[in-house]
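To start, the structure under review is shown below, and the notes come after it.
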Amino acid sequence: MSTPIWARPEPKGRGRQNPLSRRGIVGVAIAIADDEGIEAVSMRRLARELHAGAMSLYHYFENRDELLELMIDTVAAEMVVPELPEQWRPAVEAVAHHSRDMFRRHTWVLPIFQDVPAVTPNLLRHIEQSARSVVPLAGTDPVLLSSLVSAVDDFTIGFTLRELSGEERRGRQWDSPELRALLESGEFPLVAGFIASDSPMPPPDFALGLKWLLDGFEAQLA
């Protein structure tokens, strides 16, 4: 079994006056992904941006999957709260908001997040911190901690996916002949009420949804 990319020492430069580094390559790759999407990240594109030969990048990464793994680990550090509050609710809220902020800064992460094994250091730091945030409420039972952490992660990821998707299409789906015909049928009075209101698609309230979720934790476990 080969040593994972994040555990291998930084390769030495090859006589260049300003040698490349994994950190520098990953930083450029993240910038490209943030601007253009993960599909735009390739060894050839990185070599062009770094004014280097494409083959020289394989001195630092064996393949694109290793680059992607280190990109994920790098942005996952943004989910880690520098100082976790002692009380469980502020702690969970801090973890959830840090996670959502990271996903919004790096929108390319969400579609691939579930496909990357959670074995990199910063992903594990996030999971460990998430579990530690609910220990004051739930104790240290591993099954319960895992369930609570998964519920918060599922809410955060699902909310952010829907939020980002809604920003792209908000308003378009509410102005079509097909929708008007359906509403005029009288079968959907509540939906018609949403659309007839002054704000049919208000911005989602992440904090409120998280509050409802944590209220449920407290009601169940207090």
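In the neighborhood of Glu218, defined by Cβ-to-Cβ distances under 11 Å, what is the net charge if each Lys or Arg adds +1 and each Asp or Glu adds -1?
+1
Between Ile195 and Arg23, 0.36 nm times their residue separation minus their Cα-Cα distance comes to what?
Length difference between fully extended and current span is 57.1 nm.
Averaged across orientations, what area in nm² does the convex hull of the alpha carbons in the chain project?
Across all orientations, the chain yields a mean hull projection of 17.5 nm².
Counting only other residues whose beta carbon sits under 14 Å from that of Leu70, what net charge do I get with K and R as +1, D and E as -1?
-2
With each run of n ≥ 4 DSSP H residues scored as -39500 (n - 2.57), what mean residue ellipticity at 222 nm is computed for the chain after dividing by its residue count and rounding to the nearest 500 deg cm²/dmol?
So the calculated ellipticity at 222 nm is -20000 deg cm²/dmol.
In a shell of Cβ-Cβ distance under 12 Å around His126, excluding His126 itself, what net charge do Lys and Arg (+1) and Asp and Glu (-1) give?
-2
Return a whole-number percent for the relative contact order of the chain, with Cα pairs under 8 Å and 6 or more residues apart as the contact set.
16 percent
Which ³J(HN,Hα) values in Hz, rounded to whole numbers, follow from the phi angles of region 23-33 under the Karplus curve 6.51 cos²θ - 1.76 cosθ + 1.60, where θ = phi - 60° and Gly and Pro get x?
Values per residue, Gly and Pro as x: 4, x, 5, 4, x, 5, 4, 5, 4, 5, 4 Hz.
Throughout, read-outs are computed from the coordinates displayed, never taken from laboratory work. On a predicted model such as this, the values are computed, not experimentally measured, just so you know. Because the Cβ atoms are built from the backbone with ideal geometry, glycine has one as well, and the counts that use them run over all protein chains shown.
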